[in-house]
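Novice: Mind looking over this structure? Questions follow.
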Amino acid sequence: MAEETEPLAQLVAGLERAGLRGPATLLLEMLSPVDLITSQLVGIGRPFVVGTTAEALLIRLGDAAAWGELRRLLAQED
């Protein structure tokens, strides 16, 4: 599971460095009722990122459960 979580952890680290942990957490909480739809929208964008560094992240976020994992990682205190 650590391999699957790695792109999410990298995203959280980037959000933290940019000072966007709070706004990202708020946005994810607002979107939580539509995790399934959000993951399907991410799937639509996947063909546009093939071969880029974002591909692993979008593959992971294509799973609705990954959005909950992302919220969990954002809620953790370092």
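Values quoted throughout were computed directly from the atomic coordinates according to the rules given, and no laboratory measurement underlies them. Model, not experiment: these values are computed from the prediction. Note: ideal-geometry Cβ built from the backbone for every residue, glycine included; neighbour counts use all protein chains shown.
Novice: Please identify the helices of the chain, taking whole runs of DSSP H, that span at least 24 Å along their own axis as judged from the Cα atoms and have a mean Kyte-Doolittle score of 1.6 or higher.
Specialist: On the way: long enough: none.
Long hydrophobic helices here: none detected.
Novice: Which of (1) 1.38; (2) 0.91; (3) 0.95 is the computed Rg/Rh (Cα atoms, Kirkwood Rh) for the structure on display?
Specialist: For Rg/Rh (Cα atoms, Kirkwood Rh), the calculated option is (3).
Novice: Shifting gears a bit: For the stretch 30-78, which GluC sites (Glu not before Pro) are both in a DSSP coil and crowded by at most 13 other Cβ atoms within 10 Å?
Specialist: Loop-located and lightly packed - GLU77.
Novice: Let me ask something additional. Compute the distance in nm between two label points, each set 7 Å from the Cα along the Cα-to-Cβ direction, one at ILE37 and one at THR52.
Specialist: 2.5 nm
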